[in-house]
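So the structure is just underneath, and the comments pick up after that.
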Amino acid sequence: MYGTLKLIGFGAFMYLLHSTGDYRRKNPRYGGGAHAWDVLASWDGWWYQQIAEHGYHPALVPLPGATGLITLEGNSAAFFPLYPALMRLVSELTGLGPYGAGLLVSVVASFAAALGIHAVTARFGGRRTGLAAAGLWAVWPGSGVEWAVYSDSLYVALAVWACHAVMSRRWLTAGLLTCAAGLNRPTAAALIAAVAVAALLALHRREDGIRRPLAAMVLAPLGLLAHLGWVGHRMGDYAGYFRLQSGAWAHEWDFGRQTLDVLTSVPVGRSDYLSPWPFADMIGVGVVLLALCLLPLLFRIRPPAVLTLHTVLTLVLVLGSQQIFGNVSRYLLPLFPLFIPPALALRRLGPGYQFMLLGMAALASGSYAGYALFELGVP
């Protein structure tokens, strides 16, 4: 189900790229390349390839004379190490270059994520519900980065299996997977908190003894703290990672001011907010509204605390930050628990009808989840 739907969407994405040809006139780092598929390794993909080939060189380098939002040179230390490390390992084992290795890691991880989403969702409504959720993962807004040189598929795979481990009361597994997730993306902070609260609840209820939930709590934050601490140590400033994100990418916590600005501007046709990308931003607004509509439906089925907290805290982290808003559809890909309510509704359809409905969404996803991100926005 997942693979077929992704192939439909991926084919539509490649067709749109080829038919417009806009990528040929763009810088290979920024949505361009000699071939349509080169676009999949542009933007963040370029940074991951540089890390896989050359490693890290953390530094805070001021831009001469800069006075606006962007005052520092971009630096690879803003990108977490697990994904490029796997790229380098796969490259050495297979002989593939960084592009091929990165794409292979992402595709395999996307199937691992689909299996995990199926496993978690099937607990609420059986196998057919799990199939529908795996299909939704293939067509969800932002899913264009699932088969690209991006770390998102790997993060979702780690997060969903960590949540599954908590639900199965395999605390050491949950702690280790969460630790690995913290080496992959900064939004792992939401997963770390969710696992920690679930472990505290288990300790309070005395369900699984003391040592295993406690071990999960200790292990969970180590990956995130290790990268932030190492970057800070190399920069000589333990707030260096956050200074780099703010000064080089204008990405910082602003209590949701920019999100509110965009949500009140896009519906009335205004684009006088930070980093406007009209088409991608309109999709981002739709994704935020969709997530907020699905959230009470998720609460209604009373999922385990780890799923609820992971969803709510990820929403808070993403919507409470200043960023390129068109990226929101990608940043909210880890909200896999929100697939549960629509999957429960879709299970009433037979597999054929499910596939027909999701297949149409997959065809459209080539535009809204692929082309809109890589060519009409900044993924």
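Looking only at residues of segment 55-98 that are surrounded by 15 or more Cβ atoms within 10 Å (Cβ to Cβ) and among the polar types (S, T, N, Q), we find that the one that is nearest to N184 (Cα to Cα) is S76.
Of all the numbered requirements in (1) over 21 Å from V156 (Cα atoms); (2) in a helix (DSSP H, G or I), R302 misses one, and that requirement is (2). Against the conditions (1) touching a Pro at 6+ places or on another chain (Cβ under 9 Å); (2) not in a helix (DSSP H, G or I); (3) not polar (S, T, N, Q), V287 satisfies every one except (2). Identification of helices (runs of 4 or more DSSP H) wholly contained in segment 1-107 with 3 or more residues that are over 29 Å from G229 (Cα atoms) and modelled with pLDDT of 95 or more yields 2-20. Out of segment 348-377, which residues are of a type outside the set (S, T, Y), open to solvent by less than 20 Å² (accessible area, probe 1.4 Å) and under 22 Å from the mean Cα position of the chain (by Cα)? The answer is L358, A362, G366, A369, G370, A372, L373, F374, E375, G377.
Quick check on my filter: what residues within segment 42-61 are over 19 Å from E92 (Cα atoms) and of a type in the set (G, A, S)? Those that are over 19 Å from E92 (Cα atoms) and of a type in the set (G, A, S): S42, A59. Out of all the residues in segment 315-325, which are within 17 Å of Q245 (Cβ to Cβ), open to solvent by less than 40 Å² (accessible area, probe 1.4 Å) and either in a helix (DSSP H, G or I) or without any contact (Cβ under 8 Å) to a residue 40 or more places away in the chain (or both)? The answer is V318, L319, F325. Kindly provide the set of residues from segment 334-348 that are free of Cβ contacts under 8 Å to residues at least 12 places away in the same chain and farther than 18 Å from L295 by Cβ, ordered by number. Of everything in segment 334-348, just one residue is free of Cβ contacts under 8 Å to residues at least 12 places away in the same chain and farther than 18 Å from L295 by Cβ, namely R348. Considering only residues that are over 17 Å from V378 (Cα atoms) and open to solvent by 20 Å² or more (accessible area, probe 1.4 Å), which ones fall in segment 41-54? Selection gives Q49, Q50, E53, H54. Could you list all residues from segment 122-162 that are outside any helix (DSSP H, G or I), modelled with pLDDT of 95 or more and either touching a Gly at 6+ places or on another chain (Cβ under 8 Å) or farther than 20 Å from G370 by Cβ (or both)? Hits for segment 122-162 are A148, V149, Y150. A search for C-beta distances below 7 Å between a residue of segment 263-283 that is within 18 Å of Y371 (Cα to Cα) and any residue that is open to solvent by 50 Å² or more (accessible area, probe 1.4 Å), counting only pairs 6+ apart in sequence or on different chains, returns W277/L376; P278/S271; F279/L376; A280/L376; I283/Y368. Hey, any hits in segment 25-33 for a residue that's polar (S, T, N, Q) and either under 28 Å from W140 (Cβ atoms) or open to solvent by less than 60 Å² (accessible area, probe 1.4 Å) (or both)? No, segment 25-33 contains no residue that is polar (S, T, N, Q) and either under 28 Å from W140 (Cβ atoms) or open to solvent by less than 60 Å² (accessible area, probe 1.4 Å) (or both).
Here P296 meets each of (1) buried (at least 23 other Cβ atoms within 10 Å of the Cβ); (2) without any contact (Cβ under 8 Å) to a residue 40 or more places away in the chain with one exception, condition (1).
The values are calculated or read from the model by the stated rules, or taken from the named source; none is laboratory data. The shown structure was predicted, so the numbers you read here are calculated from the model rather than taken from an experiment. Ideal geometry is used to build each Cβ from the backbone, glycine not excepted, and the neighbour counts take in all protein chains shown. Heads up: the accessible areas ignore ligands, DNA and RNA and are worked out on the full protein's heavy atoms, side chains in. Shrake-Rupley method; radii C 1.70, N 1.55, O 1.52, S 1.80 Å.
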